[in-house]
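First comes the structure, then the notes that go with it.
The values are calculated or read from the model by the stated rules, or taken from the named source; none is laboratory data. Remember, it's a predicted structure, so these values are computed and weren't measured experimentally. Reconstructed Cβ throughout: ideal geometry from the backbone, glycine too, with neighbour counts over all protein chains shown.
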Amino acid sequence: MSNFVAIGAFPFDGLGLAYVKELAAIPLINFFPNFSRRELLQDIPVSKITVQFILQEVMLTTNIFILVALVSYSRCLHKAGEKLARSQDCDLSMEFHEKMYSYMENTKAFKNKSFEEVAAYMNDLCSWEAPRDIRNNFPYSHWGYDFDGRPVWYDEIGKQDFRRIVENGTYPVLERFFLQSMIPVVKSILAADKLDDEIRHGVFIWDMDGFSMKQFGHVPTAASVIRMARKYNDIPLELVGKAFLINANYVTKLAIDVARPLVGNLLDRVEVYGSNRNIWLPRLLKTFPIDIVPSWMGGHNDTRPLAIYG
């Protein structure tokens, strides 16, 4: 597949020649799988294929990494032999609501809501049950606590299929499921609080094995992701203390590199690693003990999560 080479004709807002060269190396088919090779290279006017659009898609994909940190497709849980079950205690305490509101009050989606409104919304979310397809295919799991007392959560982002969810019309349900997933995460943070030491953040392992950008060339999927990103991209900034992206492929690394100067402070908390476990596992073990590392990531065979939600 030929690469897009007419890249020097477009402004890049100071991103720098290195980023331009990286973008030039991406085959267009990754971003426009619904077009033929001839259409991509010859027949479509330049206005329809601009570097600005490609850059936008890469940046939005990085937002996707962040936004789905709590609700990713996690087939590896089956490897642990666990039965997936909805495990949600809906007796939300006043202490929980105060903690949750402290996160939500400054976010775009909730800043205009009162404490009572946010509490009522969370009570409703907690009692709501997502369709089985969503629950079975987007589980998320709590594995323990790191050396600083922060909860450690695992998500296998690389194998999630947003396009299928959009095509079957259940993406708005997934968005609601994402918001519901904040409840057990905040509960796990609250459980670690001490009188003289409040915990504010969690640690997240985002497994990117199998990640592909092809599904985001699907216009309805891209539109759904963009809408979700605009509404909720500041929520992870409240909850994520540190994140590890492991098994990152070229597309993952390119998206992170391009977006790093442009998406705020959150990426400063993210460490990105390739598929070599000998490199990323020692780094993870500086943050939390091997006793809570899943077996397929190099932990003990008898390691089990504290809780699986979905």
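For the stretch 139-197, the set of residues classified as under 25 Å from Met104 (Cα atoms) and basic (Lys, Arg) consists of Arg150, Arg176, Lys187, Lys194, listed by residue number. In the stretch 81-107, the qualifying residues are those that are surrounded by fewer than 16 Cβ atoms within 10 Å (Cβ to Cβ) and touching a helix residue (DSSP H, G or I) at 6+ places or on another chain (Cβ under 7 Å), and the one that is modelled with the lowest pLDDT is Arg86. Being acidic (Asp, Glu) and modelled with pLDDT under 90 is the filter here; which residues of the stretch 129-140 pass it? Once the filter is applied, which keeps residues that are acidic (Asp, Glu) and modelled with pLDDT under 90, the stretch 129-140 yields only Asp133.
Counting only helices (runs of 4 or more DSSP H) that sit completely within the stretch 141-259, those holding 1 or more residues that are surrounded by 16 or more Cβ atoms within 10 Å (Cβ to Cβ), in contact with a strand residue (DSSP E or B) (Cβ under 6 Å, 6 or more places away or on another chain) and modelled with pLDDT under 80 correspond to 250-259. For the stretch 286-297, the tally of residues that are surrounded by 15 or more Cβ atoms within 10 Å (Cβ to Cβ), in a loop (DSSP other than H, G, I, E, B) and either among the basic types (Lys, Arg) or at pLDDT below 95 (or both) stands at 1. For beta carbons closer than 9 Å, sequence separation of 6+ or different chains, a first residue in the stretch 90-101 that is more than 11 Å from Ala191 (Cβ to Cβ) and polar (S, T, N, Q) and a second that is in a helix (DSSP H, G or I) and at pLDDT 95 or above, the qualifying pairs are Ser93/Leu190. In the set (1) more than 29 Å from Tyr101 (Cα to Cα); (2) surrounded by fewer than 17 Cβ atoms within 10 Å (Cβ to Cβ); (3) at pLDDT below 95, the condition left unmet by Arg283 is number (3). Here is the figure for the stretch 298-310: residues that are more than 30 Å from Ala130 (Cα to Cα) and either surrounded by 15 or more Cβ atoms within 10 Å (Cβ to Cβ) or among the polar types (S, T, N, Q) (or both) total 3. Based on this model, can you work out whether Asn123 counts as more than 24 Å from Ala192 (Cα to Cα), surrounded by fewer than 20 Cβ atoms within 10 Å (Cβ to Cβ) and polar (S, T, N, Q)? Spelling it out, it is not the case that Asn123 is more than 24 Å from Ala192 (Cα to Cα), surrounded by fewer than 20 Cβ atoms within 10 Å (Cβ to Cβ) and polar (S, T, N, Q).
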